[in-house]
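Below is one structure, written out as structure tokens; comments come after it.
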Amino acid sequence: MTIAWHFTNNQFLSVTEGTYRKTLILGNDHQARLLAEADNEPPNIPGLPLPTILKLSDRFVPVMDEYRTRHIDWLAAKANYRHETQVMDELFDDVRGNKIPRWEALVIVEFPKGSAEFTNIFPQGRKPFRHTKRDETISYIGTIAANLQDYPVLVDVMNDVEAFYNQILQQRNTQQILEDEVRIKSSSLEQQRILLCEEMYLNLSILMAKYYTDPEQVERFFDLSLIRESITDEEDEAKAKTQGGPLNVGVKLTKDAVINIGHGDGTSQEMTGDGINTNFYDKIYNLVKLYIILITGAISEIIELHINNSNLTYFKLHKSMKNLRELILQNNQLTTKIVDNILVDMNKFNTSGPGVINLIGNEPPSAKGLAAKAELESRGWMVLVS
């Protein structure tokens with residue numbers, strides 16, 4: 001077997017540097033493989049006790065979950081920043097194309113262009129709206145408003161300019177706050193990227209020891225093609241490699257709620273309370289087909305979530321999804337452990353029915369999952385399992 005990296009160099013760190021999307025893909029893939037191989041434990045090495053694959057999985061899952069959480073937060077912060085930046089761009093387009101020509105026209109009615117009064121009101125003409133930095137342009141709008149105070153006959157113009165100045169200044173402040181938030185979220189995500197890559201490197205080391213007589217078996221836990229492939233955060237959606245097929249998702253929200261459902265590749269789509277039974281397509285690389293749906297925004301507002309016939313191999317309830325009353329994950333590839341976790345987590349919400357949980361078409365729950373199922377049913381829930 002040809003090893004694609006030097007033993008002393010953590011290739012997970014180097015190949016994911018600058019691309020959180022690739023980190024997400026590699027981590028999800030490794031987690032799915034650990035879960036799939038948890039029951040295929042090799043014989044112990046005499047005199048060298050090593051943690052089981054299940055132990056590796058149990059240790060890795062919370063690190064991966066935290067990475068997903070921080071990745072979601074980062075994507076949401078970027079989306080908010082892009083939105084506020086677009087609003088800012090529209091305001092600047094408005095002032096260049098509509099506001100300043102109208103203000104000038106209204107002033108010319110009283111003071112001809114080129115007069116001392118006109119020049120006093122617009123000391124730099126339109127130059128700041130063409131070549132000046134945004135903060136300087138905003139400051140110039142404030143200057144125009146202040147200069148207009150000397151001319152009572154133009155009080156209506158002054159009020160209009162002043163109102164627009166306050167609006168664009170507030171928008172600029174909002175944009176800059178969100179820009180700082182993106183930096184903070186990015187720094188937090190970067191810290192978790194490093195930790196996640198160190199965990200994958202640790203798992204690699206232990207797996208190399210476990211399979212030291214047959215090292216090719218280690219390939220079952222990592223996809224070397226993903227490690228070698230270039231995957232960027234900005235990669236065009238059309239170039240994304242889909243190996244799992246369609247992810248059929250139906251979401252119903254409480255009245256007036258708005259959320260963003262992420263596709264997992266950095267793109268997302270806003271949905272409102274009317275956005276029911278919308279189809280999405282998984283854009284994440286994963287040899288074990290589909291495994292997760294990333295939901296950002298008002299997660300607590302989700303009351304129905306359907307992911308059916310989608311070869312889903314991983315699903316984790318968010319701790320805020322306490323309003324959920326209908327969870328349909330029928331005909332997927334969820335393991336007994338995942339099914340157990342879903343039932344236990346739903347039971348922890350301690351909510352009363354009526355409600356429906358449908359996990360038919362996946363692996364059956366263990367005694368642990370059946371106990372949670374019984375408690376849910378005692379509170380009025382309908383729980384269907386294989």
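Can you tell me which residues in the range 196-225 are under 27 Å from the mean Cα position of the chain (by Cα) and assigned to a helix (DSSP H, G or I)? If the condition is that a residue be under 27 Å from the mean Cα position of the chain (by Cα) and assigned to a helix (DSSP H, G or I), then Leu196, Cys197, Glu198, Glu199, Met200, Tyr201, Leu202, Asn203, Phe221, Leu224, Ser225 are the ones that fit.
Filter the range 336-361 for residues that are touching a Ser or Thr at 6+ places or on another chain (Cβ under 6 Å) and part of a loop (DSSP other than H, G, I, E, B) and give the result.
Scanning the range 336-361 gives a single hit, Ile360.
I need the full set of residues from the range 341-374 which are within 27 Å of Asp73 (Cα to Cα) and acidic (Asp, Glu), in order please. The answer is Asp345, and nothing else. Of the candidates Val383, Val344, Val339, the single residue that is in contact with a helix residue (DSSP H, G or I) (Cβ under 7 Å, 6 or more places away or on another chain), among the β-branched types (Val, Ile, Thr) and surrounded by fewer than 19 Cβ atoms within 10 Å (Cβ to Cβ) is Val344. Summed over the range 55-75, the residues that are surrounded by fewer than 20 Cβ atoms within 10 Å (Cβ to Cβ) and not charged (D, E, K, R) give a count of 4. When the range 347-366 is limited to residues that are of a type in the set (Gly, Ala, Ser) and touching a helix residue (DSSP H, G or I) at 6+ places or on another chain (Cβ under 9 Å), the one that is surrounded by the most Cβ atoms within 10 Å (Cβ to Cβ) turns out to be Gly355. Do we find that Glu41 is out of contact with any Lys or Arg (no Cβ under 7 Å at 6 or more places or on another chain), over 26 Å from Leu317 (Cβ atoms), at pLDDT 80 or above and outside any strand (DSSP E or B) in this structure? Spelling it out, Glu41 is indeed out of contact with any Lys or Arg (no Cβ under 7 Å at 6 or more places or on another chain), over 26 Å from Leu317 (Cβ atoms), at pLDDT 80 or above and outside any strand (DSSP E or B).
Here the range 298-335 is the region considered, the condition is being buried (at least 17 other Cβ atoms within 10 Å of the Cβ) and part of a helix (DSSP H, G or I), and the residue that is modelled with the lowest pLDDT is Ile299.
The values are calculated or read from the model by the stated rules, or taken from the named source; none is laboratory data. A quick note: this is a predicted structure, and the numbers were derived from the prediction, not measured. Cβ atoms come from the backbone with ideal geometry, glycine included; neighbour counts cover every protein chain shown.
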